[in-house]
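Q: My structure is below; once you've seen it, I'll send some questions.
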Amino acid sequence: MYHLMEDRFRTALRRFLGERYGLDLPVAIERPPRLELGELATPIAFELARRLRRAPRQIAQEIASGLGPIEGVARVEVAGAGYLNAFLDRAQFFELAQELARGTAPAAASAASKVIVEHTSINPNKAAHIGHLRNAVLGDTFVRLEHFAGRPVQVQNYIDDTGVQVADVVLGFLHLERKSLEDVRRLAAEPQPRPNGAPESGKPDSGARRFDYLCWDLYARVTEFLEADPARLELRAQTLRAIEEGVGAESELAGIISTAILRSHLRTMDRLGIRYDLLARESDILRLHFWDAAFRQMTSRGVITRPATGKYAGCWIMALGDAPAEEGAEAEAKVIVRSSGTVTYVGKDIAYQLWKFGLLGLDFHYRTFSRYPDGSAVWTTASEDGEPNVPEFGRAREVYNVIDSRQAYLQNVVSAALRALGFEAAAAHSVHFSYEMVALTPRCARELGYELSAEDTQRPYVEVSGRRGFGVKADDLLDKLESAARAEVDARHPEDSEAVRAPIARAIAIGALRYFLLKYTRNTVIAFDFHDALSFEGETGPYVQYAIVRARNIFRKLAEQEPNPAPAPPAAAPGQSISALSAESRAKLLAGPEGDEFWELLLLAGSLGSQAAAATASQEPAFVAKFAFQLAQSFSVFYHRHHILSEADPVKKAFLVELVGFVASQLVAALALLGIEAPEKM
């Protein structure tokens, strides 16, 4: 709602500037530091003063007197040396904010604004770990923010099923485990134990290990195997070539392994409410010759060259500096195709990025990979035999690649390639949505059974390594969080049935994890800790969830007080409320210094749209997490200060209940943007 008032004030100002001064200028809107200065402010008069050569305060007074009425704005005043301050109509703000909270849909988006967000993109060679969860949760939350803004979003998950990580697991099964193709096929097809030991089939667990966990350990063993004898790296190279070329048992084994582990990854992410539209396989990029098409574009336009001598002799390279790499600027060139003829990762990434923007001239075939419970399809790419009636994939206006910050150089190379090809708009709209790693606090590492050195115990965090097998598997983390949350719920609500307690514990566990991963800005290294994440106090998901539970309890108790109450705001509670107030009553209770406390809470709650817009523009979901916590804090102060259910004045009581309903609805909406459910009780 606050965002709407900002837009109205800005629009009115720009219209006035055009009509009065013939100027079309951007108008910056600020939030005044104190309520007595209003709710909106702009220094536009200072900019005009430089252009019109007049005093800024004189110009501000001219604007204030000529601006005319603005819906939702009570008055505009001049402050200081020339600020324009707008004071909102508090009662009207409340009324409009409630209307929006009751479900006014965002404006319809144009097809031209289509966005692709690629996230998760875990190598399909082992179980997902905690670092992968930060990628997926950040990407999923950004998707939710884009949807909230009314933009059509396509969620893609890149499956590197021909890379060296998959090759290592293939090598491990063939040369360490001595497994045949059929042996691995049977292992991958066995019913996979679900979280807490329940197998996918629903039958009692036979003791079988999860296939993705088995591959986790095997991958670490292969790392040791290769390091023990560098000559074995040729065995890896042979395996990788066979997979890339799609020939032999190695290629077939890679397909079995990657598909089975991909299904495990999707089950893990579904626990967090994370979904995908398209699973794009690297093997199909190779089989359909996407790179060949990109190579033709890049050579015909001179983007890549092949020096005959020097460090890069025989390689196809892209010069990244002003000087050509052949003239000695070798440090500013990137190898795209090795002298052996194999394409580097970045070459395939360039081809894929071109496809995302519809600039490659080729397309995949598509098949249904699986369906979610609501019937929506998860599609996968195919190199042949595609299905009919497929949604249009690719052809985006903007592309966000959620990849950790260590890949910044390669992402810059991809953008540089688009720019060198002449696709300036695509390069400008290729966004590396980067983030830092997730580590563990020493306490958390010990709780997970890892032995730490004396030096490690003194560090602020302990790094994890999937290659070394040192890390937190995502499902183990979720299971442990859920068990801890379940113990708390069981202690608080022993009278409730299993069917009631289990989903509450799940909601708390998922909320704790997602909030912990989202409350930090993306450039912050996270040190995960169970106790910090699950705390009901402080800046945590459960703290925000509990604020909503408190609000809903008010409506439940209110229902017990009144025999025939009116319906409550639907997002606040499935309970009840008091009859609606008149605009005059709201205005009176919100007026003056006595109403400032209520107005502060209302204004904060009505700022969700503004915070979501800021989070989207800056690609920082942490803004919404901070907003949710601040609103929960403010509500907690309000909750303890006002005994709503025992309020003697019926008009004030109705107003307070109405305010609680609105605050709760905004907390629910904020958590939904973060992918967090608000449980009925805690």
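Q: Condition first: touching a Phe, Trp or Tyr at 6+ places or on another chain (Cβ under 7 Å) and in a helix (DSSP H, G or I). Now tell me which residues in the range 640-682 satisfy that.
A: Residues satisfying the conditions are Leu659, Val663, Ala670, Leu673.
Q: Further, regarding this structure: Which numbered condition trips up Glu620, out of (1) part of a helix (DSSP H, G or I); (2) within 23 Å of Met1 (Cβ to Cβ); (3) not hydroxyl-bearing (Ser, Thr, Tyr)?
A: With (1) part of a helix (DSSP H, G or I); (2) within 23 Å of Met1 (Cβ to Cβ); (3) not hydroxyl-bearing (Ser, Thr, Tyr) applied to Glu620, the lone miss is (1).
Q: Right, next: Does Gly38 count as closer than 23 Å to Ser610 by Cβ and either touching a residue at least 60 places away in the same chain (Cβ under 8 Å) or surrounded by 15 or more Cβ atoms within 10 Å (Cβ to Cβ) (or both)?
A: yes
Q: Now a separate question. Return the residues of the range 407-443 that are of a type in the set (Asp, Glu) and farther than 30 Å from Asp456 by Cα; say none if nothing qualifies.
A: Glu424
Q: Still on this model: Being touching a helix residue (DSSP H, G or I) at 6+ places or on another chain (Cβ under 8 Å), closer than 28 Å to Phe295 by Cβ and at pLDDT 95 or above is the filter here, so list the residues in the range 367-393 that pass it.
A: Thr381, Ala382
Q: Further question: Does Gln407 meet the test of being within 30 Å of Gly302 (Cβ to Cβ) and buried (at least 20 other Cβ atoms within 10 Å of the Cβ)?
A: Here the answer is no, as Gln407 does not meet what is asked.
Q: Examine the range 517-527 for a residue that is of a type in the set (Phe, Trp, Tyr) and over 23 Å from Gly139 (Cα atoms), and state whether such a residue exists.
A: No: zero hits.
Q: Provide a single number: the residues in the range 12-32 that are of a type outside the set (Asp, Glu) and within 31 Å of the chain's Cα centre (by Cα).
A: Going through the range 12-32 one residue at a time, the tally reaches 6.
Q: Can you name the residue in the range 494-508 that is exposed (fewer than 14 other Cβ atoms within 10 Å of the Cβ) and among the charged types (D, E, K, R) and, of all such residues, is farthest from Ala533 (Cα to Cα)?
A: Glu495
Q: Here are the criteria: (1) in contact (Cβ under 8 Å) with a residue 60 or more places away in the chain; (2) not in a strand (DSSP E or B). Tell me which single one Leu279 does not satisfy.
A: That leaves (2) as the condition not met.
Q: When residues of the range 337-386 are filtered for being without any contact (Cβ under 8 Å) to a residue 40 or more places away in the chain, under 23 Å from the mean Cα position of the chain (by Cα) and buried (at least 17 other Cβ atoms within 10 Å of the Cβ), how many remain?
A: The qualifying residues number 1.
Q: Sticking with this one: Looking at Gly321, is it small (Gly, Ala, Ser), in contact with a strand residue (DSSP E or B) (Cβ under 9 Å, 6 or more places away or on another chain), surrounded by fewer than 20 Cβ atoms within 10 Å (Cβ to Cβ) and not in a helix (DSSP H, G or I)?
A: Against the criterion (small (Gly, Ala, Ser), in contact with a strand residue (DSSP E or B) (Cβ under 9 Å, 6 or more places away or on another chain), surrounded by fewer than 20 Cβ atoms within 10 Å (Cβ to Cβ) and not in a helix (DSSP H, G or I)), Gly321 qualifies.
Q: Follow-up question, since we're still on this one. Would you check if Phe635 is among the aromatic types (Phe, Trp, Tyr) and in contact with a Leu (Cβ under 9 Å, 6 or more places away or on another chain)?
A: So Phe635 fits the description; yes.
Q: Take the residues in the range 280-307 that are of a type in the set (S, T, N, Q) and more than 33 Å from the chain's Cα centre (by Cα), then tell me which one is surrounded by the most Cβ atoms within 10 Å (Cβ to Cβ).
A: The selected residue is Gln297.
Here's the yes/no breakdown for (1) touching a Leu at 6+ places or on another chain (Cβ under 8 Å); (2) modelled with pLDDT of 90 or more:
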| site | (1), (2) |
| --- | --- |
| Val170 | yes, yes |
| Pro199 | no, no |
| Lys203 | no, no |
| Arg210 | no, yes |
| Tyr213 | no, yes |
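Q: Out of curiosity, is Leu601 closer than 20 Å to Leu96 by Cβ, surrounded by 21 or more Cβ atoms within 10 Å (Cβ to Cβ) and at pLDDT 90 or above?
A: No; evaluated as a whole, the condition is false for this residue.
Q: Say we look at the range 634-663 and pick out the residues that are among the small types (Gly, Ala, Ser) and modelled with pLDDT of 95 or more; which of these is surrounded by the most Cβ atoms within 10 Å (Cβ to Cβ)?
A: Ser634
Q: Tell me the residue from Ala428, Ala491 that is exposed (fewer than 14 other Cβ atoms within 10 Å of the Cβ) and in the same structural domain as Asp217 (by TED's automatic domain parsing), please.
A: Ala428
Q: Taking the range 38-55 only, how many residues are touching a Pro at 6+ places or on another chain (Cβ under 6 Å) and farther than 20 Å from Arg8 by Cβ?
A: Selection size over the range 38-55: 2.
Q: Check whether at least one residue in the range 448-457 is surrounded by 21 or more Cβ atoms within 10 Å (Cβ to Cβ) and either in contact with a Cys (Cβ under 7 Å, 6 or more places away or on another chain) or not small (Gly, Ala, Ser) (or both), and report yes or no.
A: Within the range 448-457 (the criterion being surrounded by 21 or more Cβ atoms within 10 Å (Cβ to Cβ) and either in contact with a Cys (Cβ under 7 Å, 6 or more places away or on another chain) or not small (Gly, Ala, Ser) (or both)), the answer is no, since none of the residues qualifies.
The values are calculated or read from the model by the stated rules, or taken from the named source; none is laboratory data. Keep in mind that this is a model prediction, so the values were computed, not measured. In this analysis, Cβ positions are derived from the backbone assuming ideal geometry, glycine residues included, and neighbour counts consider all displayed protein chains.
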